[in-house]
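**Q** Pasting a structure below so you can have a look.
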């Protein structure tokens, strides 16, 4: 199922034109036969979606969207909490350093 299907190789061999050796033999040669027709590969079967499979596909897609959304929101929340804690630490350190200079 997962192995590729390669087309059969062409069996056409081109006919090499003959070059006349003397100028008196410039008569037209026989026409070159047309290449053999290439066999047409059978068309791939199309996927038929039944109402049940379409509903399952839509539900699966919705679940994927919800999971990805939850992961992105949790990452954004983690970044926001980290930024707020760094800001609080900066304010505390600043107030500690300012109190030391005043005394």
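What follows draws every value from the coordinates through simple rules; no lab data is involved. Fair warning: this is a prediction, and the values are worked out from it, not measured in the lab. Backbone-built Cβ (ideal geometry, glycine too); neighbour counts: all protein chains shown.
**Q** Between residue 43 and residue 72, how high is the FRET efficiency from 1/(1 + (r/R0)^6) when r is the Cβ-Cβ distance and R₀ = 35 Å? Nearest 0.05. Mind showing how you got there, number by number?
**A** Numbers: r = 41 Å, r/R0 = 1.18.
The computed FRET efficiency comes out at 0.25.
**Q** State whether the range 40-80 is rounded, prolate or oblate according to the following rule on the C-alpha gyration tensor (a ≥ b ≥ c being the square roots of its eigenvalues): a/c under 1.5 gives rounded; otherwise a/b larger than b/c gives prolate, and the remaining case gives oblate. Numbers along the way, then the final one.
**A** Numbers: a/c = 11.12, a/b = 2.58, b/c = 4.31.
Because a/c hits 1.5 or more and a/b fails to exceed b/c, the range 40-80 counts as oblate.
**Q** Using a 10 Å cut-off on Cβ atoms, rank the peptides 76-82, 44-50 from the highest mean neighbour count down. Provide the component values of the computation, followed by the final result.
**A** Details: 76-82: 10.0, 44-50: 7.0.
Ranking the peptides 76-82, 44-50 by packing returns 76-82, 44-50.
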